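One structure below.
The values are calculated or read from the model by the stated rules, or taken from the named source; none is laboratory data. Since the model is a prediction, treat every value here as computed from it, not as a measurement. We place every Cβ from the backbone using ideal geometry, glycine too, and count neighbours over all the protein chains shown.
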Amino acid sequence: MRIAIVSPLYESVPPKLYGGTERVVSYLTDELVRQGHRVTLFASGDSTTRARLRAATDRGLRLNPACRDPLAHHVIMLDELIEAAAEFDIIHFNIDYWHFPLSKWLRLPAVTTLHGRLDIPDLVPLYARFREMPLISISNAQRKPLPHANWVANIHHGLPTDLYTFRERHGSYLAFLGRISPEKRPDRAIAVARRTGIPLKIAAKVDPADQAYFDEQIRPLLTSPGVEFIGEIGEREKDRFLGEALALLFPVDWPEPFGLVMVEAMACGTPVIAYRCGSVPEVMRDGITGYIVDNHEQAVSAVASLETIDRAKCRRIFEQRFTVERMARAYLSAYRRVALRAAPPQRAGSIVVDGNFPGTPVLHSVRRGKVAAVSEKSPDHDQPVVPTARINGDSP
């Protein structure tokens, strides 16, 4: 297939440091190329990819001190994408809902993976307005606030199997990895470490929006004995940081959409102690890949039971459920279904001018003020249309 993948511009693909969405985009893009597909990645210019790169900005915007208005760069990227839209069988957006009006009125063969939380009241009328937009969730739990949206697949994230090193032996510290924010609850991790007397290492970024929370609520706790704040780390450091930990603490207090770090820990063989929120019961196997807890006392008890967790089994669960190969196959299935529905055969040479679109959905390219219908089909478009279904193999 000819595939366009559209990434946020906040981080490079893959990110230099923190950045779950861009990291998953990187894994998926490179795997699709490895499987023989023609992939174009719309991302920042400092991205590293096997795909053809279309850069809308020189570097990731979060770490660029010269960037004052990130939205401006995303608008440029969308305009460049629309110019090239006829080149693709499917466009895979990872930029939330920003493209919805364009995709709707230009009838692009597009699908959108939603990476964030959806329990926000403002989103209800938006997704009702754009109810026809094909959407992919990253967990069934993520869907719950928007049950009537046009969900075409539920696809769990996946990692390359050689990305993290399995370690049979563990170290003597607990790990917290991610970002410092009220919903991630690093204070809970510190409380567990204090109670158990086991050292805690915190590797996390602090966004400007969370700086006050860090300064007022978390920084005073970092003076506790055995608590070490490392700061933000990248992919290379994560392998050792997670692999040598006794366990990963995932004490979230929000409707977690997925929680990639739980899978990263499993890939290392490191068990996870996670609070029961959002996707946690979907990703974890309680008592096998770690423990799912509901409160502080249960978390403390889980630490005492870690020796019963088989680290080799944690790794096997990762290999069975969360590989990039599985993720790519699931996305290709969704791409084909959406592309078939969005672009049925059209009369060759038909042209539509001044925004008077035909009644049948079709891919259009916008150039020099006119809209030209595209009748070309990919040779891959020979798959039958099948009913919408979950793809990740999990039961409802």
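One line per residue, one yes/no per condition, for (1) touching a strand residue (DSSP E or B) at 6+ places or on another chain (Cβ under 9 Å); (2) modelled with pLDDT under 95:
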| position | (1), (2) |
| --- | --- |
| T196 | yes, no |
| A209 | no, yes |
| T223 | no, yes |
| G234 | no, yes |
| K238 | yes, yes |
| L242 | yes, no |
| A245 | yes, no |
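For the stretch 33-54, does any single residue satisfy the condition of being outside any loop (DSSP other than H, G, I, E, B) and under 14 Å from the mean Cα position of the chain (by Cα)? Write out each step before concluding.
Filtering the stretch 33-54 down to residues outside any loop (DSSP other than H, G, I, E, B) leaves 33-34, 38-43, 52-54.
Now restrict to residues that are under 14 Å from the mean Cα position of the chain (by Cα): none.
Taking every residue of the stretch 33-54 in turn, none turns out to be outside any loop (DSSP other than H, G, I, E, B) and under 14 Å from the mean Cα position of the chain (by Cα).
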Scan of the stretch 59-71 for residues that are over 10 Å from L9 (Cα atoms) and exposed (fewer than 14 other Cβ atoms within 10 Å of the Cβ), ordered by number: P65, A66, R68, D69
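Say whether the condition of being surrounded by 17 or more Cβ atoms within 10 Å (Cβ to Cβ), at pLDDT 95 or above and under 30 Å from I309 (Cα atoms) is met by at least one residue in the stretch 142-151. It would help to see each step written out before you state the result.
Taking the stretch 142-151 and keeping what is surrounded by 17 or more Cβ atoms within 10 Å (Cβ to Cβ), we get 142-143, 146, 149, 151.
Narrowing the set further to residues that are at pLDDT 95 or above leaves 142-143, 146, 149, 151.
Narrowing further to those that are under 30 Å from I309 (Cα atoms): 142.
Yes, some residue in the stretch 142-151 is surrounded by 17 or more Cβ atoms within 10 Å (Cβ to Cβ), at pLDDT 95 or above and under 30 Å from I309 (Cα atoms).
Within the stretch 254-276, is even one residue assigned by TED's automatic domain parsing to the domain that holds V293, among the hydrophobic types (A, V, I, L, M, F, W, C) and exposed (fewer than 15 other Cβ atoms within 10 Å of the Cβ)? Don't jump to the end; show me each part of the working.
Residues of the stretch 254-276 assigned by TED's automatic domain parsing to the domain that holds V293: 254-276.
Next cut, among the hydrophobic types (A, V, I, L, M, F, W, C) only: 254, 258, 260-263, 265-268, 272-274.
Next, only the ones that are exposed (fewer than 15 other Cβ atoms within 10 Å of the Cβ) stay: none.
No, there is no match, as no residue in the stretch 254-276 is assigned by TED's automatic domain parsing to the domain that holds V293, among the hydrophobic types (A, V, I, L, M, F, W, C) and exposed (fewer than 15 other Cβ atoms within 10 Å of the Cβ).
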Within the stretch 81-117, can you find the residues that are of a type in the set (A, V, I, L, M, F, W, C) and without any contact (Cβ under 8 Å) to a residue 40 or more places away in the chain? W98, F100, L102
Name the residues in the stretch 125-174 that are closer than 18 Å to V263 by Cα, in contact (Cβ under 8 Å) with a residue 24 or more places away in the chain and of a type in the set (D, E, K, R), would you? R167, E168
For the stretch 58-92, give me each residue that is modelled with pLDDT of 90 or more and closer than 22 Å to D30 by Cβ. M77, E80, L81, A84, E87, F88, D89, I90, I91, H92
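If we only count helices (runs of 4 or more DSSP H) wholly inside the stretch 287-363, which ones have 1 or more residues that are modelled with pLDDT under 95 and of a type in the set (A, V, I, L, M)?
Details: elements: 296-304, 311-321, 324-342.
In the stretch 287-363, the matching helices (runs of 4 or more DSSP H) lie at 324-342.
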Kindly check whether there is at least one residue in the stretch 35-44 that is closer than 22 Å to G234 by Cα, assigned by TED's automatic domain parsing to the domain that holds S103, touching a residue at least 40 places away in the same chain (Cβ under 8 Å) and touching a strand residue (DSSP E or B) at 6+ places or on another chain (Cβ under 9 Å). no
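Would you please name the residue that is farthest from the chain's Cα centre (by Cα), looking only at residues in the stretch 108-126 that are β-branched (V, I, T) and not in a loop (DSSP other than H, G, I, E, B)?
Applying the first criterion (β-branched (V, I, T)) to the stretch 108-126 yields 111-113, 120, 124.
Okay, now just the ones that are also not in a loop (DSSP other than H, G, I, E, B), so 111-113, 124.
Working: V111: 14, T112: 11, T113: 8, V124: 21 Å.
Here the answer is V124.
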Checking the structure you have, find out if any residue of the stretch 141-160 is touching a Cys at 6+ places or on another chain (Cβ under 6 Å), part of a loop (DSSP other than H, G, I, E, B) and outside the structural domain of V280 (by TED's automatic domain parsing). no
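Tell me, which residue of the stretch 195-236 that is part of a helix (DSSP H, G or I) and among the small types (G, A, S) is nearest to the chain's Cα centre (by Cα)? Reasoning before the result, please.
Applying the first criterion (part of a helix (DSSP H, G or I)) to the stretch 195-236 yields 195-196, 208-223, 235-236.
Filter once more, so that each one left must be among the small types (G, A, S): 209, 212.
Numbers: A209: 21, A212: 27 Å.
Going through the qualifying residues, I end up with A209.
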